[in-house]
Each structure stands twice: as C-alpha cells, then as structure tokens.
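For reference, the structure is listed below as structure tokens.
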Amino acid sequence: MTTLSAEREIERLMALHPKGFDLSLDRILRVLGRLGNPQDKLPPVIHVAGTNGKGSTVAFCRALLEAEGYRVHVHTSPHLVHWNERYRLGAEGGGKFVADDVLTDTILRVAEANGGEMITVFEILTAVTFLLFSEHEADAAVLEVGLGGRFDATNVIKNPAVSVIMPVSLDHEAYLGDRVELIAAEKAGIIKPGCPVVIGAQESGVAQEVLIETAERLGCPMQLYGQDFLAAEEHGRLVYQDETGLMDLPLPRLRGRHQYANAAAAIAACKAAGFRLGAKAASDAMESVAWPGRMQRLTHGALVDLAPPSSDIWLDGGHNPSAGVVIAEALTEQEEKMARPLFLICGMINTKDQQGYFRSFHGIARHVYTVPVSMSDAGVPNGELAARAIEAGLSAEPVNSVANALMLLRDLWTDTEIAPRILIGGSLYLAGAVLAENGTPPV
C-alpha cells in the first residue's frame with residue numbers, strides 16, 4: 001500500500017501529540033480561533049451522533065442530497081484504508097475524497113497554527129475538516145461525531161441545520177459512562193438551543209427519554225422516530241411516512257432491516273435541515289447509497305480468491321453487542337433467502353465487549369476463526385479472543401490471519417453443492433486491513 005504524504009504528516013503528528021481522546025473543546029477552539037474560526041463559515045450542517053448507525057445515516061444523507069443535485073461535504077471517522085476517506089469534498093455530480101496534496105497542505109497549516117501546543121491528533125484532524133470545508137464551496141456539510149457528543153471535537157458548531165441522534169447503547173464506557181442514560185446525555189450534547197433535532201430509532205427507552213428531555217428543555221423543533229416519522233418494508237419496498245405523507249421507495253442498497261430506520265432518520269434530517277427532497281431523489285438515493293465496511297458484500301479481490309469458490313462473503317466493522325445483534329439479524333435475512341452454513345472470521349480490540357458481541361451469533365454460526373488486528377496496538381490476541389467466543393457458546397479457534405482462515409476453510413470444504421457464508425468482522429481496523437489486502441479500498 002503506497003504511503004501518501006498526508007499519511008506521513010499524520011504519523012509525524014502522532015509521534016508528537018498524545019494518542020486517544022481528551023474530552024474538552026478548549027484546545028480545538030484555540031487552534032480554530034487562530035485559523036479564523038472556519039467552523040463558523042460552513043454551509044448548513046447536519047451533525048450526526050449515536051453509538052450505532054451514525055455512519056450509515058451520514059451515508060444516506062449524502063446520497064439523498066446528492067441525488068437532489070446538492071454539493072455535499074462529508075466528514076466521517078475513522079477511515080478504513082486511507083486518511084483521505086475522512087474528508088469528502090462536495091462537487092457537481094458527487095463528492096470526492098480530498099486530494100492528497102490538498103490534505104497535506106491543510107494539515108501543515110493547522111499544525112502551524114497550533115504552534116506545538118498540547119492537542120490530540122483527532123483534534124488536529126477535525127480542525128482540518130473545518131478548514132477544508134470552509135475553503136471549498138458546497139450546499140451542505142454532513143459531520144459524523146467521533147466520540148460521545150458534548151466534548152467531541154466536532155461539537156464546535158454553534159447552529160447546526162439539524163442535530164441527529166442515532167441509537168444509543170453502551171460503548172466507550174471509559175470515556176462516556178457505564179450507564180446508557182449517561183451515554184445518552186453525552187450524545188445529547190450536540191443538541192443546540194432552538195435548532196432542529198431528529199431522534200432516530202432508540203433501543204433504550206431511558207436513552208430516548210434523555211434525548212427528548214434535552215430537546216424540549218432547549219426549545220428545539222423535534223422529530224422522533226416512531227412518532228413523527230417511520231419506515232417499514234411492505235411488499236419488498238421501503239415505505240417512509242411522516243406528517244407530509246408517504247414515500248414508496250426501493251429497499252436500501254445497504255443490507256439489513258436496521259438500515260430502514262437509518263434511512264428514515266436521514267430523510268427526516270434532510271427535510272428538517274430545510275433541503276428539498278423529492279420522491280425520485282429519495283428513490284435514487286436508496287439504490288446508490290454506499291457505506292464501505294458495513295455489511296459490505298465482497299465479490300472479488302485477492303482475499304476473495306482464497307475462499308471456497310462461490311462463497312458469500314460479508315465484511316462488517318461493527319464491534320459492540322448492539323452491532324452484533326443487527327449484523328446477526330442481517331445475516332439471518334440472507335439465510336432466509338438462501339441457506340448456507342455461516343462461518344465467522346473475527347478480530348477485535350481490547351476496549352470492546354468481545355463475549356457480548358459473539359453472543360449474538362450463538363445458534364447461527366457454525367465456527368469462528370479468530371485473527372489478530374494488525375492495524376491496532378489494542379488488538380486482542382487471537383487465542384484470547386477464541387476463548388471469549390467459546391465462552392459465548394461458539395466453536396472457535398485462533399488462526400494467524402484472514403488469508404489463512406479463508407485458505408483453511410477452502411482446504412476443509414468438501415461440500416460441492418453449496419458454498420459457505422462468511423462474515424469477516426469485529427473491528428473497523430480489521431475491516432480496513434481486509435479492504436486494503438483485498439485490493440478494494442473505499443472510493
């Protein structure tokens with residue numbers, strides 16, 4: 001994989017500044033002030049937080065707005081293969097990842113403005129977002145929150161066109177708290193007085209109450225999933241409904257029933273932000289939306305070639321118990337369409353509830369191969385991860401790599417009538433490594 005100049009600059013910054021997150025807005029506000037406060041010079045902002053589903057919702061927002069002809073800036077994190085993926089600059093006909101020379105120049109300018117003072121690399125990279133987006137014209141900017149909400153570096157936006165809160169569940173407990181109501185309060189920190197709020201389908205009634213109370217206390221126009229808008233499958237179509245009526249749409253290109261609610265939240269968000277959104281654009285968006293590394297079907301590539309012929313291979317970076325539930329449900333949908341034996345190839349990092357993730361696959365996965373996560377120094381040793389899978393009631397064994405797992409499965413496979421279904425997952429770091437090794441990075 002070619003090392004880009006932006007990547008070299010980021011690696012240099014990582015050697016200078018602390019890793020991880022420091023939950024405060026003081027440092028990023030300081031450097032943004034020195035840059036002329038570019039965060040105040042953006043097109044209308046759709047700001048998206050949540051434990052699960054926020055990335056998919058961002059992807060839906062982008063697809064919806066681009067289908068209507070808008071130029072859309074998009075900020076997401078983390079990236080999967082290249083740092084450039086975090087910054088998509090809006091353009092006629094669809095946005096593109098920022099060019100490496102432009103990203104490198106912007107990183108150098110932010111680092112110079114910081115002047116060597118204490119800051120995290122994530123804060124530098126978020127400041128890069130605002131500087132890039134302020135210097136390139138667009139009609140909308142969609143920003144994904146990195147961690148939490150209240151003290152996330154993206155939360156310097158004073159008046160978002162809409163704040164969106166997707167499902168809230170336990171994750172990053174060390175930073176956000178060990179109760180779902182505490183995490184919901186952190187996510188609700190992106191809600192600004194008087195600004196529209198869209199609350200997506202919540203798994204927790206307690207979390208939903210916290211979000212509603214915050215929106216009401218701050219006098220925000222609010223749209224609540226299940227009350228003000230919803231979506232459901234009817235006769236192989238996605239029917240979206242809100243106070244203005246119905247939209248009869250194709251099922252989303254993103255797989256899994258959980259994507260219906262994500263699509264609905266994105267439609268509600270685009271409307272709440274004041275953008276026009278017709279039925280044709282919404283239909284086109286459902287068929288064009290893409291979100292790599294999330295229930296992504298791998299059909300070709302170097303790794304795919306190692307698997308048993310005609311295998312049904314899926315990649316998903318979901319890494320917590322709630323994500324495990326929706327991934328297992330999506331795979332069960334595939335099983336209903338065509339029955340195949342399911343095998344997992346999983347790598348995880350040590351801040352995640354590994355046993356909780358595996359528990360979702362009890363009774364549906366035939367076997368688990370656990371692998372190291374080479375792109376993170378927090379990766380769980382594959383032998384230890386296999387033990388967690390076994391504790392969750394699964395059959396599991398450690399292997400050295402995804403490639404080795406696929407080759408082992410191919411060598412052992414004797415059924416010529418039907419090929420296996422394979423999920424590679426458990427970590428976005430693993431998903432990125434797989435896309436790189438497979439030769440199919442995000443575009």
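Filtering region 409-443 to residues that are in contact (Cβ under 8 Å) with a residue 24 or more places away in the chain and among the hydroxyl-bearing types (S, T, Y) leaves S427, Y429, T440. The set of residues from region 80-95 being buried (at least 18 other Cβ atoms within 10 Å of the Cβ) and not in a strand (DSSP E or B) comprises L80, V81, H82, W83, N84, E85, R86, G90, G95.
Of everything in region 411-428 that's over 33 Å from the mean Cα position of the chain (by Cα) and part of a loop (DSSP other than H, G, I, E, B), which residue is nearest to D316 (Cα to Cα)? Checking each candidate, the answer is W413. Scanning region 96-110 for residues that are assigned to a loop (DSSP other than H, G, I, E, B) and either surrounded by 18 or more Cβ atoms within 10 Å (Cβ to Cβ) or of a type in the set (K, R) (or both) gives a single hit, V98.
So which residues in region 359-384 are over 23 Å from P78 (Cα atoms) and among the hydrophobic types (A, V, I, L, M, F, W, C)? Residues satisfying the conditions are F361, I364, A365, V368. Whether any residue in region 357-376 is in contact with a Lys or Arg (Cβ under 7 Å, 6 or more places away or on another chain) and either among the basic types (K, R) or surrounded by fewer than 19 Cβ atoms within 10 Å (Cβ to Cβ) (or both) is what I want to check. Checked against the condition, which is being in contact with a Lys or Arg (Cβ under 7 Å, 6 or more places away or on another chain) and either among the basic types (K, R) or surrounded by fewer than 19 Cβ atoms within 10 Å (Cβ to Cβ) (or both), region 357-376 yields no hits at all. If you go through region 268-285 and pick out every residue that is assigned to a helix (DSSP H, G or I) and in contact with a helix residue (DSSP H, G or I) (Cβ under 9 Å, 6 or more places away or on another chain), you end up with 8. Scanning region 396-432 for residues that are within 24 Å of S360 (Cα to Cα) and of a type in the set (G, A, S) turns up A396, S401, A405, A419, G425, G426, S427, A431, G432. When the residues of region 247-261 are filtered to those that are touching a Leu at 6+ places or on another chain (Cβ under 7 Å) and assigned to a loop (DSSP other than H, G, I, E, B), the one that is surrounded by the most Cβ atoms within 10 Å (Cβ to Cβ) is P252. Please find, among S204, S163, S169, the residue that is out of contact with any strand residue (DSSP E or B) (no Cβ under 9 Å at 6 or more places or on another chain) and within 15 Å of K54 (Cα to Cα). Answer to the check: S169.
One line per residue, one yes/no per condition, for (1) more than 21 Å from E329 (Cβ to Cβ); (2) in the same structural domain as F343 (by TED's automatic domain parsing); (3) out of contact with any Leu (no Cβ under 8 Å at 6 or more places or on another chain):
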position: D377; (1), (2), (3): yes, yes, yes
position: I390; (1), (2), (3): yes, yes, yes
position: G393; (1), (2), (3): no, yes, yes
position: T414; (1), (2), (3): yes, yes, yes
position: I424; (1), (2), (3): no, yes, no
position: V443; (1), (2), (3): yes, no, yes
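Only residues that are at negative phi and surrounded by fewer than 20 Cβ atoms within 10 Å (Cβ to Cβ) were counted across region 223-246, and they come to 14.
The values are calculated or read from the model by the stated rules, or taken from the named source; none is laboratory data. Bear in mind the structure is a predicted one, so any value in this text is a computation, not a measurement. Neighbour counts run over all protein chains shown; Cβ positions are idealised from the backbone, glycine included.
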